[in-house]
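Chemist: So that we are looking at the same thing, I have put the structure below in C-alpha cells.
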Amino acid sequence: MPTLGVIADTHIPQRLASLPEGVSEAFRGVDLILHAGDLTDMRVLAELDRMAPTLAVRGNADLFNRSLPWRRTLEVGGKRLGLIHGHGSWLRYALRKWQDILMFPYRADVYAAGARAAFERDPVDAVVFGHTHRPCCKSIGGVLLFNPGSIAPDYYTTRGPQVGLLHVERDSLRTEFIEV
C-alpha cells in the first residue's frame, strides 16, 4: 500500500535557506509527497520532486503564486484525501491571528475543524493541512486530520523541524511524525 510524505510550511527562503538534509532521508521510498502550503519559493517543489512526485497547494505566504490551487482532492490507494493549507479566507486568517496572539491560547481543534470544513461537500477520508506550524493528528466525524508541523523555524513551539508520513492501508490510514 502507498506511503505519502507530508510536509508543510517550508517558508524558503523567508525562514530557511533550503530544506534540511533529513527531509530526503525521511521521504526515502515514499510514493508521493504532499506539500500543504507556504512554500514561498517554487524551487522547493523541484527539490521535493527529485525525491518523489509532489503535489502542493498555495498557503497564505504563497499569495501571488497562482500556479498552485488553494485546495486539492485526490485518491490514493482507494482513499480520498483533501490537501489544503488551512488558513481559510483572509478575514478568518486575520481574526484567528489576533485570537492566537492576544486573546486565547492556541486551540488545535479550531484549525483542524476549519481544514475539515473546507471539504464538507467533498467526501474525504483524510485532510492534510499546515498553517499552524504545530503537529496535529485527530479525527473529526470519521475524517482524519493530519498536520505534520513545520519545517521552518517558528515562534510557537520549541519542537524542531518535522515532516510526516501517511500510510494508506486497505482498511485504515496511519500517520507518523518524523523530526528532521
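Coordinate-derived values only; no laboratory data. This one's a predicted model, so the numbers in the text were calculated from it and none came from an experiment. Ideal geometry is used to build each Cβ from the backbone, glycine not excepted, and the neighbour counts take in all protein chains shown.
Chemist: Around Ala52, with a cut-off of 14 angstrom between Cβ atoms, what is the net charge of the other residues, counting Lys and Arg +1 and Asp and Glu -1?
Modeler: On the way: positive: Arg28, Arg50; negative: Glu25, Asp31, Glu47, Asp49.
That works out to -2.
Chemist: To continue, here is another question. Label Met1 and Asp122 with points 7 Å out from Cα along Cα→Cβ: what is the distance between them in nm?
Modeler: For the pair Met1/Asp122, the computed spacing is 2.3 nm.
Chemist: Oh, and also: 5 Å is the cut-off here: which amide hydrogens, built 1.01 Å from N in the peptide plane, fall below it relative to Gln162, excluding neighbours closer than 5 in sequence?
Modeler: Here Ser150, Ile151, Val180 satisfy the definition.
Chemist: Now for a separate question. For the range 3-179, what does the equivalent ellipsoid look like in terms of its semi-axes, each the square root of 5 times an eigenvalue of the Cα gyration tensor, given largest first in whole Å? Don't skip to the end; give the middle numbers.
Modeler: Values: eigenvalues 93, 82, 47 Å².
For the range 3-179, the ellipsoid semi-axes come out as 22, 20, 15 Å.
Chemist: Find out how many positive minus negative residues lie around Val180, taking Lys and Arg as positive, Asp and Glu as negative, among other residues whose Cβ is under 10 Å from that of Val180.
Modeler: It works out to a net charge of -3.
Chemist: A further question on this structure: Nearest 500 deg cm²/dmol is fine: what mean residue ellipticity at 222 nm does the chain get from its DSSP H runs of n ≥ 4 alone, each adding -39,500 (n - 2.57), divided by its residue count?
Modeler: The per-residue figure over the chain is -4500 deg cm²/dmol.
Chemist: So what are the ³J(HN,Hα) numbers for the range 169-180, from phi and the Karplus equation (6.51, -1.76, 1.60; θ = phi - 60°), rounded to whole Hz, Gly and Pro as x?
Modeler: These are the phi-based 3J(HN,Hα) values: 10, 3, 10, 7, 10, 10, 10, 8, 9, 10, 6, 10 Hz.
Chemist: Which percent, to the nearest 5, of DSSP beta bridges fully inside the range 3-179 are antiparallel?
Modeler: So the antiparallel bridges in the range 3-179 amount to around 65 percent.
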